[in-house]
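Step one of this worksheet: look at the structure below.
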Amino acid sequence: PARATALLGELARVHLLTERSPGRYVFHDLLRAYADELAFTHESTDARHAVTGRLLDHYLHSAAHASVLLSGKRAVIALPSAPSAPPVDSADTAPDTAPNTPPETAPDTVPSLTDQQQALNWFIDEDRVLLAAVKLAHRTGFDTHAWRLAATLTTFLDRRHRGQALAAVQTLALDAARRQDDATGQAHARRGLGVAHVILDRPDEAQAHYALALDLFRTLGDHGGQARTHQNLAWLAGSQHRHRDALDHNRHSLRHYRADGDLAGQAVALNNLGWHRSQLGDLRQALTDCRSALALLQQTGDVNGQAHTWDSLGYIHHRIGQTAQAVDCYRRALDLFRQTGDRHSEATALAYLGDTHHDADQPDAAYHAWTRALAIFEELGHPDAGPLRVKTLSVRDRSLSGR
């Protein structure tokens, strides 16, 4: 490290590297091309393969560690117990990881991240590098690295509403898993593609990928994979106002989370049950489900899950006619969504908060919440921006006219 730091400093001083932020360097195009040429001229194929393996190990284990911290849930995929340069066809996996515990890794190969905010910042800093790492793994035959890296990026890209990027890496992941005839990799890639198509407003494609993922996870006997995929299918059904179908998927999700011993997952399923019951008018049971979910989520430390549950409770209290309680719940949800970087959910909660103020005949507060939601939806390019813009203009015009 000391020698590398000295060389980086020298290259930066002569403007061949640019230190864009402390400790982060960018190549000049000519230097990158020259380095590439030298590597292929003077290094053997085996040496380049070994270096690529170490690089991909670093990013895979680092991203897996950060993903567990960001999600507040157990690891989605199993990893080798320590980084190495595995053969191209390696599929060794470690035993299932304990809940909310990052995969075991060599301490000098991963960043020293300790909380959700640090994990989010790391993903933001490494965003372009991680996307490039998936492409590199796919191109150089590190197929298990390709699909595993893509799987570790799903939560981050979903929360940033990055549908195109998520679809691109999961397409590479699926191709890599197919080359290995790896059913586990294909299952995770299919689920990731489903998430991407939901973001891109392609519900039919999302449904097809989720169905294939569910079949694969069922064949593998993977309760966690089945639970998460039923959860995704429930969300898709709810977005299409098929709330009874969503309830059914959430019941399956809860059953599989219980079989997997995943408390955080059970809490998410309970909140989702409460949400869809509220859409069907069963407000009393919805309130019970969401309160049970919140207690479990606070026990497991899942901040994003708590945010979604406060959001559900806000909606239920609004429907009951308890405006003050609803506003308090939405504000709690918003504080937590900002912590986790979940921009889409933050905008949705703001829109619901605006609805609550509007129904309580508080047009100024409604306008303030809706305009903040609209700004985020427009930033994300989300289709909800159009209808919300109409509502915002309506309440503004009403306020200006004094009515």
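The values are calculated or read from the model by the stated rules, or taken from the named source; none is laboratory data. None of the values given here were measured: they were computed from a predicted structure. FYI the Cβ positions are ideal-geometry reconstructions off the backbone, even for glycines, and counts take in every protein chain you see. Ligands, DNA and RNA are excluded from the accessible area calculation, which covers all protein heavy atoms including side chains. Shrake-Rupley method; radii C 1.70, N 1.55, O 1.52, S 1.80 Å.
Some notes on this structure:
- Shape class for the chain, computed from the alpha carbon gyration tensor (a ≥ b ≥ c): prolate, with a/c not under 1.5 and a/b above b/c.
- Cα shape, segment 1-67, gyration tensor, a/c 1.5 rule: oblate
- Only protein atoms count toward the accessible area here, which uses a 1.4 Å probe; on the chain, the carbon and sulfur part of that area reaches 51 percent.
- Mean Cβ neighbour count within 10 Å, used as a protection proxy, ranking 352-359, 207-214 highest first: 352-359, 207-214
- Dividing the summed helix terms, -39500 (n - 2.57) for each DSSP H run of n ≥ 4, by the number of residues in the chain produces a 222 nm estimate of -25500 deg cm²/dmol to the nearest 500.
- Protection proxy ranking of 260-266, 143-149 - average other beta-carbon atoms within 10 Å, highest first: 143-149, 260-266
- Accessible surface area normalised per residue over the chain is 48 Å², counting heavy atoms of protein chains with a 1.4 Å rolling probe.
- Taking a point 7 Å from the Cα of ASP181 along the Cα-to-Cβ direction, the residues of segment 197-232 with backbone N closer than 17 Å to it are 220.
- Burial ranking of peptide ranges 150-158, 11-19, 249-257, 235-243 (average Cβ count within 10 Å, highest at the top): 150-158, 249-257, 235-243, 11-19
- Label sites at TYR25 and ALA47, each approximated as a point 7 angstrom past Cα along Cα to Cβ, lie 1.9 nm apart.
- Rounded to the nearest 10 degrees, the inclination of helix 323-340 to the longest alpha-carbon principal axis of the chain is 10 degrees.
- The angle between the Cα long axis of helix 143-159 and the main principal axis of the chain comes to about 30°, on a 0 to 90 degree scale.
- Take the Cβ atoms of THR371 and THR18, set R0 to 45 Å, and the FRET efficiency comes out at 0.75.
- Prolate/oblate/rounded call for segment 102-259, Cα gyration tensor, a/c under 1.5 rounded: prolate
- Using a Förster distance of 45 Å, the FRET efficiency for LEU280-ASP127 (Cβ separation, nearest 0.05): 0.70
- Unit charges at the beta carbon, dipole of segment 170-273: most positive-side option, SER253, ALA173, PHE217: SER253
- Axis of helix 263-279 versus longest Cα principal axis of the chain: the two differ by about 40°, to the nearest ten degrees.
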